[in-house]
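Notes to accompany the following structure.
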Amino acid sequence: MKAKFTQILYGGDYNPEQWPREIWQQDMELFDEAGINSATINVFSWAKLQPSEEVYDFSELDDIVDMLTKAGKQIVLATSTAALPAWMVKRYPEVARTDYGGRHHKFGQRHNACPNSPVYRHFAKELASRLAERYGKNDNVVCWHVNNEYGGECYCENCEKAFRVWLKRKYKTIEALNKAWNLSFWGHTIYDWDEVVLPNALGEGLGFRGEDEDGTAFAGISIDYRRFNSDSLLENFKMERDAIRQYDKDAAITTNLMGTFKGLDYFKWAKEMDIVSWDNYPSYDTPWSMTAMRHDLMRGLKAEPFMLMEQTPSQQNWQPYNSLKKPGQMRAQSYQTVAHGADTIQFFQLRRSVGGCEKFHGAVIEHVGTAKTRVFRETAELGAELRSIGASIIGAENESKAGIIFDWDNYWALEYTSGPNKDLKYVDQIWRYYEYFYNKNISVDMIPVDADFGKYDLVAAPVLYMVKEGVAEAIEKYVADGGTFVTGFMSGIVDQSDNVHLGGYPGPLRKLAGIWAEEIDALAPEQSNEIVFGDGTRKQCRMLCDILHLEGAEEIAQYGDDFYAGTPVVTKNAFGRGCTYYVGTVPERDGLAKLLDMVCDEAGVRPVIAEETELEVTRRVTETQEIYFIMNFKDQELALPGVFAGKTDILTGRVLTADEQLKKYEVRVVSVPRA
């Protein structure tokens, strides 16, 4: 495989088919000036490649590939299947999607194909096959980019029929299906597979006028439909991947994911991808820790370095407030990406489009069309630095002794549940724990529920609402063997079909945690309670409060208010050679930090450097070196940690001094021999 690139790919989405040919040569000259060494092409060119059902025309793409090859650029070649050509929708209207509200769509927009349309699958496979046959032997094609940003749902008759087939494979019998979905509730028992209907606004969905896709009367049905839809789109990816692989045995094959995107089970997808790639588009107020968490999640999907397929060099166009990136911000963001495991830095887009809804989306080459812009200068400066790093960082790993479980089944199930508090969101709760490790510069892996927990000294599983078969047993073994496990409220509640584990919360985690959660109090936004630690420290808590009874666990903290004041809120239970901490509420940031300080100290989990600092310090390692990225994302200048004084910044070749200060968005990269 060519997944291990020989250099950091530095480039991005390039659409010369949107421009007259006299612009092309100007672009090649500007790419050289900016240090651009790669281009992602052909992302939305299906209508040009196949102007009608019977006709293919690759002449323009031939010229584009030839131009980039002669210019020495690495090529990420997309398959163009993310936007249907008009003739296909006109001749075969069933290829278009039907939305949650039951409306069948006409031609328009993108990501608009029904994933279970035999017609769409036929044409998409044929196009991918022809592209691979034509360009698969070109050594400059180092990666195939299948489709683009897979997502969205379809609720058409094809999907309904395919869903029934999927359910038959999963449940085998109608009786098993009725039990899994608890269809005796509301008298919804079914007696034939063709009585299964899709959970949209016309069926079991509780959405108002087809707008709220998170509402459902039967979460079991809706969770299964999420699984089915993810699998359906994955089958599309695998189909194109396999068509490419017939002609190109070497180049990596990927598709660009979207961080914590809710719609697809990315851990399942990653098993089918040669390398994970993703598109990073934080908003103006996204915490840097949230962006870091998404990078770590993308790295965690395969426990390998990943590709950054897209980021903007300046501003976006589709968010409510599309602020410019301040001087130095794009560079710092790019190094944060590399620090957390990226082996590429790629942009959307290389040249700004002249029209359409993305004409104001940032680009390396702005509408003015010259190198005389701040954005171009910053891009060129970063390109020169990345060239100086060369291949030294490629494939370097991020080593962690702490893991946080992230699971899409839990994501879907928690946010489908009706109650106890509408403000409870899965990603927010995961991030609150991640933020602690980020602020402490403790490396952490984002891991699936079937991970090898034994690699970690500490595993946290906030809101592990759905505990599927085998998961509790794996966690028990991990703790019994000496691991430290942290979980809490809304954990261990339901099985894989969203049916409650009977016998008391937290269900199959009850023995492990040594507590029983009798009730769950929901607090409105203006309400709060207090956590009172054993040393008398008081911290605020919000949203949910478990009313706990000790069953072998010891009390670490208790509630300070309400009728359950004086009862446990944070507990610790010895189990085998390890222990489990249970957090029965949503502590404020400083309260969670106090608790996790205690947990990390006991588990022996340490930051990447001993010195405390508000700088982000992240480390990647190879067999011979440790590479430290020191970045300032704060509004004030911060002192360089003393451990780096006298070391050489590999970006500049300058020896760092003990009195050095980093301004906002400044970066230092230090390499030291591995002990």
Note on segment 544-564: residues open to solvent by 40 Å² or more (accessible area, probe 1.4 Å) and touching a strand residue (DSSP E or B) at 6+ places or on another chain (Cβ under 7 Å) are His549, Leu550, Glu551, Gly552, Glu554, Glu555, Gln558, Asp561, Asp562
In segment 246-259, which residues are open to solvent by 10 Å² or more (accessible area, probe 1.4 Å) and either among the aromatic types (Phe, Trp, Tyr) or touching a residue at least 12 places away in the same chain (Cβ under 8 Å) (or both)?
Gln246, Tyr247, Asp250, Met258
Meets criteria (assigned to a loop (DSSP other than H, G, I, E, B) and either touching a residue at least 60 places away in the same chain (Cβ under 8 Å) or within 17 Å of the chain's Cα centre (by Cα) (or both)) for Ser392
yes
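Which count do you get for residues in segment 579-603 that are outside any helix (DSSP H, G or I) and within 17 Å of Ile404 (Cβ to Cβ)?
Filtering segment 579-603 for residues outside any helix (DSSP H, G or I) gives 579-588.
Those left that are additionally within 17 Å of Ile404 (Cβ to Cβ): 580-583, 586-587.
Residues in segment 579-603 being outside any helix (DSSP H, G or I) and within 17 Å of Ile404 (Cβ to Cβ): 6 in total.
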Enumeration of residues in segment 142-171 that are closer than 18 Å to Glu272 by Cα, of a type outside the set (A, V, I, L, M) and out of contact with any His (no Cβ under 8 Å at 6 or more places or on another chain):
Cys143, Trp144, His145, Asn147
The lone condition Phe267 fails out of (1) open to solvent by less than 10 Å² (accessible area, probe 1.4 Å); (2) in contact with a Pro (Cβ under 7 Å, 6 or more places away or on another chain); (3) of a type in the set (Phe, Trp, Tyr) is (1)
For segment 529-543, what are the residues that are crowded, with 18+ Cβ neighbours inside 10 Å and in contact with an Asp or Glu (Cβ under 8 Å, 6 or more places away or on another chain)?
Asn529, Glu530, Lys539, Cys541, Arg542, Met543
Do we have Thr585 as buried (at least 23 other Cβ atoms within 10 Å of the Cβ), of a type outside the set (A, V, I, L, M, F, W, C) and in contact with a Leu (Cβ under 9 Å, 6 or more places away or on another chain) here?
yes
Among (1) under 24 Å from the mean Cα position of the chain (by Cα); (2) surrounded by fewer than 17 Cβ atoms within 10 Å (Cβ to Cβ) - the single one Ile630 does not satisfy:
(2)
Options His122, His104, His111; residue that is within 21 Å of Met88 (Cβ to Cβ), modelled with pLDDT under 95 and surrounded by fewer than 19 Cβ atoms within 10 Å (Cβ to Cβ)
His111
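Results for (1) small (Gly, Ala, Ser); (2) assigned to a loop (DSSP other than H, G, I, E, B); (3) without any contact (Cβ under 8 Å) to a residue 12 or more places away in the chain; (4) more than 26 Å from Ile609 (Cβ to Cβ), shown as yes or no for each residue.
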site: Val427; (1), (2), (3), (4): no, no, no, yes
site: Trp431; (1), (2), (3), (4): no, no, no, no
site: Tyr438; (1), (2), (3), (4): no, no, no, no
site: Asn441; (1), (2), (3), (4): no, yes, no, no
site: Leu464; (1), (2), (3), (4): no, yes, no, yes
site: Val479; (1), (2), (3), (4): no, no, no, yes
site: Ser497; (1), (2), (3), (4): yes, yes, no, yes
site: Leu512; (1), (2), (3), (4): no, no, no, yes
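Residues checked against (1) at pLDDT 95 or above; (2) in contact with a Leu (Cβ under 9 Å, 6 or more places away or on another chain); (3) open to solvent by 10 Å² or more (accessible area, probe 1.4 Å):
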| position | (1), (2), (3) |
| --- | --- |
| Phe5 | no, no, yes |
| Gly12 | yes, yes, no |
| Glu17 | yes, yes, yes |
| Ile23 | yes, no, yes |
| Asp27 | yes, yes, no |
| Leu30 | yes, yes, yes |
| Ser38 | yes, yes, no |
| Val43 | yes, no, no |
| Ala47 | yes, yes, yes |
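Residue by residue, here is whether (1) assigned to a loop (DSSP other than H, G, I, E, B); (2) charged (D, E, K, R); (3) touching a Cys at 6+ places or on another chain (Cβ under 6 Å) holds:
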site: Leu84; (1), (2), (3): yes, no, no
site: Trp87; (1), (2), (3): no, no, no
site: Lys90; (1), (2), (3): no, yes, no
site: Glu94; (1), (2), (3): no, yes, no
site: Gly102; (1), (2), (3): yes, no, no
site: Lys106; (1), (2), (3): yes, yes, no
site: Gln109; (1), (2), (3): yes, no, no
site: Pro115; (1), (2), (3): yes, no, no
site: Arg121; (1), (2), (3): no, yes, no
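Residue-wise test of (1) part of a helix (DSSP H, G or I); (2) open to solvent by 30 Å² or more (accessible area, probe 1.4 Å); (3) not β-branched (Val, Ile, Thr).
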| residue | (1), (2), (3) |
| --- | --- |
| Pro327 | no, yes, yes |
| Gln333 | yes, no, yes |
| Val338 | yes, no, no |
| Ser353 | no, no, yes |
| Gly356 | no, yes, yes |
| Ala363 | no, no, yes |
| Ala380 | yes, no, yes |
| Gly383 | yes, no, yes |
| Leu386 | yes, no, yes |
Scope segment 130-168; condition open to solvent by less than 20 Å² (accessible area, probe 1.4 Å) and assigned to a helix (DSSP H, G or I); matching residues:
Leu131, Ala132, Tyr135, Cys159, Phe163, Leu167
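Assess whether Thr312 counts as being part of a helix (DSSP H, G or I), of a type in the set (S, T, N, Q) and open to solvent by less than 10 Å² (accessible area, probe 1.4 Å).
Taking the combined requirement at face value, the residue does not satisfy it.
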Tell me the helices (runs of 4 or more DSSP H) entirely within segment 2-81 that contain at least 1 residues that are closer than 19 Å to Phe347 by Cβ.
21-34, 59-70
So which residues in segment 565-578 are touching a residue at least 60 places away in the same chain (Cβ under 8 Å), out of contact with any Gly (no Cβ under 7 Å at 6 or more places or on another chain) and either surrounded by 24 or more Cβ atoms within 10 Å (Cβ to Cβ) or charged (D, E, K, R) (or both)?
none
Which of the residues that make up segment 340-351 are under 25 Å from Asp32 (Cβ atoms), part of a loop (DSSP other than H, G, I, E, B) and of a type outside the set (A, V, I, L, M, F, W, C)?
Asp343, Gln349
Quick check on my filter: what residues within segment 276-309 are in a helix (DSSP H, G or I) and either within 15 Å of Ser400 (Cβ to Cβ) or under 14 Å from the mean Cα position of the chain (by Cα) (or both)?
Ser289, Met290, Thr291, Ala292, Met293, Arg294, His295, Asp296, Leu297, Met298, Arg299, Gly300
Read through the list (1) among the hydrophobic types (A, V, I, L, M, F, W, C); (2) modelled with pLDDT of 95 or more; (3) surrounded by fewer than 22 Cβ atoms within 10 Å (Cβ to Cβ); (4) closer than 22 Å to Val500 by Cβ, then give the number of the only condition that Leu206 fails.
(2)
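Considering only residues that are in a loop (DSSP other than H, G, I, E, B) and open to solvent by 80 Å² or more (accessible area, probe 1.4 Å), look in segment 651-675 and name the one that is modelled with the highest pLDDT.
The initial filter retains those residues of segment 651-675 that are in a loop (DSSP other than H, G, I, E, B), namely 651-653, 656-660, 663-666, 674-675.
Narrowing further to those that are open to solvent by 80 Å² or more (accessible area, probe 1.4 Å): 652, 658-659, 663, 674-675.
Values: Thr652: 94, Ala658: 94, Asp659: 95, Lys663: 98, Arg674: 92, Ala675: 81.
Residue satisfying both the conditions and the ranking: Lys663.
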Search segment 604-627 for residues being outside any loop (DSSP other than H, G, I, E, B) and β-branched (Val, Ile, Thr), and hand back the single one that is farthest from the chain's Cα centre (by Cα).
Ile627
Inspect segment 414-427 for any residue being polar (S, T, N, Q) and under 20 Å from the mean Cα position of the chain (by Cα) and give the result as yes or no.
no
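The values are calculated or read from the model by the stated rules, or taken from the named source; none is laboratory data. Just so we're clear, the structure is a prediction, and the values are computed from it rather than from any experiment. Neighbour counts are summed over all protein chains in view; Cβ atoms, including those assigned to glycine, are modelled from backbone coordinates with ideal geometry. Note: areas computed on protein heavy atoms with side chains; ligands, DNA, RNA excluded. Shrake-Rupley method; radii C 1.70, N 1.55, O 1.52, S 1.80 Å.
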